[in-house]
Amino acid sequence: MTKLENATVEIVEDKTLSDNWYHLRKLTFDYTGSGGQTNRLEREVYDRGNGATILLFDPKRQVVILVRQFRMPAYVNGHSGWLIETPAGLLDGDHPEEAIRREAVEETGYEVRHVRFLFECFMSPGAVTERVHFFYAPVDITHKVNDGGGLDEEHEDIEVLEIPLDEALAMIGTGEICDGKTIMLLQWAALNRATLSA
């Protein structure tokens, strides 16, 4: 056991601040650190559910299928708000693989067949509870079953992009691609080029 594993947490109060879109909670807790001292701390925690994302890659054409959509948090932080991303969405109670198959076809129009689970991680663990499941799937043009673009009833306005892998990787350096999950999946692709058709 490491020194930090001796630390303990006891939640004193769990107060809902907002449940309008997702859930914003204020947690008051007693944290007994590795040195044995206890402090009462407060943190706000945003709970939006868990999600999934996928890298769609056409090995014949050497292109990745990405999407561009408006993101208000990026906009209010000085960005145009239009982010280039891998398809993604919340699980909404589904198994992660089922959820990402649904999101892929809704957002891009591509029906994925062979899905490979890669890893999962917390994207912003200092404030957000969301755990994201990362997947990969090879696709080709015969897998395109509709135009994609998202769901009208969810007010989604999504542009489907087909970008050569090398160009997408270069777009990380220029700042054109600045979404964390997308950068992670593109870097994974760069490290695993030999297996991208599997």
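Ala170 label point, 7 Å along Cα→Cβ, cut-off 15 Å on backbone N: hits in segment 59-92? Taking a point 7 Å out along Cα→Cβ of Ala170, the residues of segment 59-92 whose backbone N falls under 15 Å are 63-64.
Across segment 3-47, the mean sequence separation of Cα contacts (distance under 8 Å, 6 or more residues apart), normalised by length, yields a relative contact order of 37 percent.
Considering only beta bridges that DSSP places wholly inside segment 51-195, some 75 percent are antiparallel. Can you give the Rg to Rh ratio of segment 3-47, both from alpha-carbon atoms, with Rh computed by the Kirkwood formula? Radius of gyration relative to Kirkwood radius: 1.12. Relative contact order for the chain: 21 percent, from Cα pairs under 8 Å spaced at least 6 residues apart, divided by residue count.
Across segment 66-166, C-alpha contacts under 8 Å between residues 6 or more apart give a mean separation that, scaled by the residue count, equals a relative contact order of 28 percent.
For the chain, build the charge dipole from Cβ charges (+1 Lys, Arg; -1 Asp, Glu) around the Cα centre, then report which of Pro73, Val12, Thr108 sits farthest towards its positive end. Of the options given, the answer is Val12. Ignoring aspartates and glutamates fewer than eight residues from Lys144 along the same chain, the ones with Cα atoms less than 14 angstrom from its Cα are Asp58, Glu103, Glu106, Glu107, Glu111, Glu162.
Basic side chains Lys and Arg get +1 at the Cβ, acidic Asp and Glu get -1 at the Cβ, and with that the dipole of the chain about its Cα centre reaches some 760 debye. Each peptide in 16-23, 81-88 gets a packing score, the mean of other Cβ atoms within 10 Å over its residues, and the list from highest to lowest is 81-88, 16-23. Sorted fewest first by neighbouring Cβ atoms within 10 angstrom, Leu191, Leu169, Leu56 come out as Leu191, Leu169, Leu56.
Of the options (i) 28, 24, 18; (ii) 35, 20, 16; (iii) 34, 25, 15, only one is semi-axes √(5λ) of the Cα gyration tensor in Å as computed from these coordinates, and that is (ii). Per residue of the chain, the DSSP helices (runs of n ≥ 4 H) give a summed -39500 (n - 2.57) that works out to -6000 deg cm²/dmol at 222 nm. Full extension of the chain between Glu98 and Arg43 gives 16.5 nm of extra length, using 0.36 nm per residue less the Cα-Cα distance. For segment 55-61, 3J(HN,Hα) computed residue by residue from phi via the Karplus equation (6.51, -1.76, 1.60; θ = phi - 60°) reads 9, 9, 10, 9, x, 5, 8 Hz, glycine and proline entered as x.
Apply 1/(1 + (r/R0)^6) to the Cβ-Cβ distance of Gln62 and Trp21, taking R0 = 35 Å, and write down the FRET efficiency to the nearest 0.05.
On the way: r = 39 Å, r/R0 = 1.10.
My answer for the efficiency is 0.35.
All of the numbers you see were taken from the coordinates with simple rules; none came from a lab. Because the structure is predicted, anything quoted here is derived from the model rather than measured. Quick reminder, even Gly has a Cβ in these numbers, built from the backbone with ideal geometry, and neighbours come from all protein chains shown.
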